[in-house]
Amino acid sequence: MATMAQAIRMALHYGEENLGVTDVFGEDVGPPLGGVFTASQGLKTAWNSPLDERGIIGTALGLALAGQRPVCEIQFGDYIFNTIDLLKIVGNTHWSCIGQFEVPLVCMTIVGAGIHGSIYHSHSFESVAAHIPGWKIVLPSTPIDAYGLMISAIKDPNPVMFLYPKALIRVKGEQRIPGEPDEKILKRMIDAPTGPTLAHIEQARVDWKPEWPSGLTDYQVPFSKANIVQEGTDITVVTYARHVFMARQAAAQLKESDGVSVEIVDLRTLYPWDRETVMNSIRKTGRVLVLNEDTPVCNFGEHILREIITECFYELHARPRLLAGADVPGVGLHEILELASIPQVQNIVDEIRGICAEEP
Amino acid sequence: MKKDVKLKIFDLMVTARCLEERMIKMSKSADGHFWLGGPGEEAFNVPLGMLSRPGRGVEYDYFHFHYRNAATMLAMGMDPRDELRQANNRATDPFSGGRNFVNHFARVEWNVCPVTSTIQTQWLIAPGTARAQKRHGGEGITIVTCGDAGTAEGDFHIGLNWATQPGWDLPLLFIVTNNRYGISTSYDQVHGAGNIAEMARGYGMEFGIVDGTDVEASYSKLEEVMDFVRKERRPYLLEASVSRLYGHSSSSGANRVPEDSETDPLEEWVKKLIKAKLLTRKDYQAKYEAETQRMNEYLKEVKQEPAPTPESIYDHIYKDA
């Protein structure tokens, strides 16, 4: 099955061939590299920008105002913080001019820990992003969702923040994307040849051209539609990205050891999020854990918790809780430090046990 | 310059001055909460509007204006009532529906991109519209304006860098209107460089300086450099020295600066026209009084128009997909 990097690449290809994408750009996005995570290899509209995040966001906005359809990339979520004022401008442009100009741009950036990325390659961004109105924000956990959400993002006439998790970028999917060939064939078709140095890579790619799968479609994952990853009856875990997989592992363990039945909701779209699916699940189970890896103060999960308390307070059998990253300035490099900073499977198991042990 | 062009510029300068003076008064009453604008820049801003090509799409010019560009908008054909609607925060304000400050234009039919109070950030957005125009071809250019103070931001240099990428010289006219102040901080306190325009040299960009209080010099220089950007499809940095006749904004009182402390470009143009026997002082006074009265009448009319509704704050957050 395709990896998330391949899925994004295929969606961008479909976008530039069929949906009017004019520019895929950012640092190292164009040839020869095609993105430090290979998400833009072989794309005909991909180009390299200066090492300048402010210029990237500003230029993307200008292109969108001039009727183009840009997809820009900030190489790591950690590097997007010096564009916050520009993200605010992007988000308020349509509103401030009472709808005169449309802003059909996608900004993609890779987020979260899990690759021993240390202090400047491990940060989450969703909580800050959610505080900038006017954007739609997605964060897929699987290659097929990454494909479908990217197609939705490209088609949308509004700015879309396409976050994607570092830890899952090379993980193969469990579900085939419509039009996706077999894994080995896909690799041969769209993965650029590589080499030990930049000079070797450049040489190997002089005559290389991808052979795009012919059967790709405009398969969409609609915005604001969460996915119930697994059904359960005792507790709801509301999560996204890497922690969908961690929650699955915790749920399997709890089923085995405690006989607890966990329902897992993958939000997929963080804003505007799928309240209906979340609330219905909580009404069914009566217990909830909100789970993510961002730092805990003003965490996006706190917003979800507040909404849950407002809407479902009298239907809860236990205090709703948030399990988030540690309240520290960064994720340390040593594995012990990273594991201590980001919720792990055992932390999730412990938290769920605690919630399920509470008597109403 | 032909006689009718000279007189047209005069008419537009008077209209711009009277519109701004009307809005300054509004900012000191309940009719407007705030004012900032461009009295003292008319000699430069009117020719800029006259020589531009407003329209919708990449064939036409794109504008990322300063909030001191009302005279440019008038020269492009703006109804003064539209700016009074914005100054008075009416729902009928065509730029922002009562949401934004005075002189924060946005008009999609003319490619006037929404003005942001953070003027210098527009130097990051302008390379985007210019890149679309470069790809399209034709003679459409992007025009972006800032003041001297904002050039201290890194965004000033980012704009110049993105306009001169190898193989991607952009059809982008950068304009710095230098009034030698950022609110209260003088240019000389915070800029080591003798002038701003020469910073373009490091980017291999053409540049020039013009007396922006002189109508003929401004018109002629703008004609030359706009033609250069249109035809050569390369950027140009133009610095125009201008006056600031009512201070920075309401925040500095919005009062007329002491007589003779700064050049009044309208008065200078009137003197030239009188000397050329194209105008009399009496004609000028009559025109000034008539325009003042017209703005008063317009304001009365605009004030009758509806205010925004509370529910409207949720309009246009997203474009319907």
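The values are calculated or read from the model by the stated rules, or taken from the named source; none is laboratory data. Since we're looking at a predicted model, the values are computed, not measured. Cβ coordinates were reconstructed from backbone atoms using ideal geometry, including for glycine residues, and neighbour counts include every protein chain displayed.
A:I137: modelled with pLDDT of 95 or more and either in contact with a Leu (Cβ under 8 Å, 6 or more places away or on another chain) or within 14 Å of another protein chain (Cβ to nearest Cβ) (or both), yes or no? Taking the combined requirement at face value, the residue satisfies it. If we scan the stretch A:243-255, do we find a residue that is closer than 25 Å to A:G325 by Cβ, touching a residue at least 60 places away in the same chain (Cβ under 8 Å) and touching a Pro at 6+ places or on another chain (Cβ under 8 Å)? Yes, the conditions are met somewhere in the stretch A:243-255.
Can you tell me which residue is farthest from B:W168 (Cα to Cα) among those in the stretch A:31-83 that are of a type in the set (G, A, S), within 9 Å of another protein chain (Cβ to nearest Cβ) and assigned to a helix (DSSP H, G or I)? Only one residue tops the list, namely A:A64. Within the stretch B:7-20, the set of residues being surrounded by 19 or more Cβ atoms within 10 Å (Cβ to Cβ) and not hydrophobic (A, V, I, L, M, F, W, C) comprises B:T15, B:R17, B:E20. For the residues A:I355, A:I342, A:I309, the requirement of being modelled with pLDDT of 95 or more and within 22 Å of the chain's Cα centre (by Cα) singles out A:I342.
One residue stands out in the stretch A:14-30 among those that are assigned to a loop (DSSP other than H, G, I, E, B) and not charged (D, E, K, R): the one that is surrounded by the fewest Cβ atoms within 10 Å (Cβ to Cβ), namely A:G20.
Considering only the stretch B:215-236, state which residues are more than 16 Å from the chain's Cα centre (by Cα) and either within 23 Å of B:A149 (Cα to Cα) or surrounded by 15 or more Cβ atoms within 10 Å (Cβ to Cβ) (or both).
B:E216, B:A217, B:K221, B:V225, B:F228, B:V229, B:R230, B:R233, B:R234, B:P235, B:Y236
Of all the residues in the stretch A:279-289, those that are β-branched (V, I, T) and within 14 Å of A:A250 (Cβ to Cβ) number 0. Set side by side, the residues B:M1, B:M50 differ, and just one is within 23 Å of B:A290 (Cα to Cα), touching a residue at least 24 places away in the same chain (Cβ under 8 Å) and out of contact with any Pro (no Cβ under 9 Å at 6 or more places or on another chain), which is B:M50.
Per-residue answers, yes or no, for (1) surrounded by fewer than 18 Cβ atoms within 10 Å (Cβ to Cβ); (2) of a type in the set (D, E):
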residue: A:Q203; (1), (2): yes, no
residue: A:D218; (1), (2): yes, yes
residue: A:I235; (1), (2): no, no
residue: A:Q253; (1), (2): yes, no
residue: A:R287; (1), (2): no, no
residue: A:E311; (1), (2): yes, yes
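Pairs linking a residue in the stretch A:167-181 that is crowded, with 19+ Cβ neighbours inside 10 Å to a residue that is β-branched (V, I, T) and at pLDDT 95 or above, with Cβ atoms under 6 Å and 6 or more positions apart or on different chains, are A:G173/A:T142; A:G173/A:I144; A:I177/A:I144.
Among the residues of the stretch B:108-132, those identified as at the interface with chain A (Cβ under 7 Å from one of its Cβ atoms), crowded, with 21+ Cβ neighbours inside 10 Å and not in a loop (DSSP other than H, G, I, E, B) are B:T121, B:L124, B:I125, B:A126, B:P127, B:G128, B:T129, B:R131, B:A132. From the list B:R90, B:R81, B:R68, the lone residue that is among the basic types (K, R), in a loop (DSSP other than H, G, I, E, B) and under 23 Å from B:A43 (Cα atoms) is B:R68. A single entry from A:I348, A:I309, A:I336, A:I264 fulfils the requirement of being part of a helix (DSSP H, G or I), outside the structural domain of A:K136 (by TED's automatic domain parsing) and closer than 20 Å to A:V229 by Cα: A:I348. Scanning the stretch A:84-108 for residues that are crowded, with 23+ Cβ neighbours inside 10 Å and polar (S, T, N, Q) gives A:T93, A:S96.
Mind checking which residues of the stretch B:26-44 are assigned to a loop (DSSP other than H, G, I, E, B) and polar (S, T, N, Q)?
Residues of the stretch B:26-44 that are assigned to a loop (DSSP other than H, G, I, E, B), as a first pass: B:28-41.
Within the stretch B:26-44, B:S29 is the sole residue that qualifies.
Considering the stretch B:279-321, the residues that are among the aliphatic types (A, V, I, L, M) and out of contact with any helix residue (DSSP H, G or I) (no Cβ under 6 Å at 6 or more places or on another chain) include one that is farthest from the other protein chains (Cβ to nearest Cβ), namely B:A286. With respect to (1) within 30 Å of A:L216 (Cβ to Cβ); (2) polar (S, T, N, Q); (3) part of a helix (DSSP H, G or I), the lone exception for A:N158 is condition (3).
Looking at the stretch B:55-79 only, could you name the residues that are within 14 Å of chain A (Cβ to nearest Cβ) and in contact with a strand residue (DSSP E or B) (Cβ under 9 Å, 6 or more places away or on another chain)? B:D61, B:Y62, B:F63, B:H64, B:F65, listed by residue number.
Answer yes or no as to whether A:V103 is hydrophobic (A, V, I, L, M, F, W, C) and within 13 Å of A:P159 (Cα to Cα). So A:V103 passes the test.
For the criterion of being modelled with pLDDT of 95 or more, crowded, with 20+ Cβ neighbours inside 10 Å, assigned to a helix (DSSP H, G or I) and not aromatic (F, W, Y), A:M189 fails.
Whenever a residue of the stretch B:134-161 is more than 14 Å from B:Y67 (Cα to Cα) and more than 13 Å from every other protein chain (Cβ to nearest Cβ), its partners that are in a helix (DSSP H, G or I) and modelled with pLDDT of 95 or more, lying with C-beta atoms within less than 6 angstrom and at least six residues away or across chains, give the pairs B:E139/B:R230.
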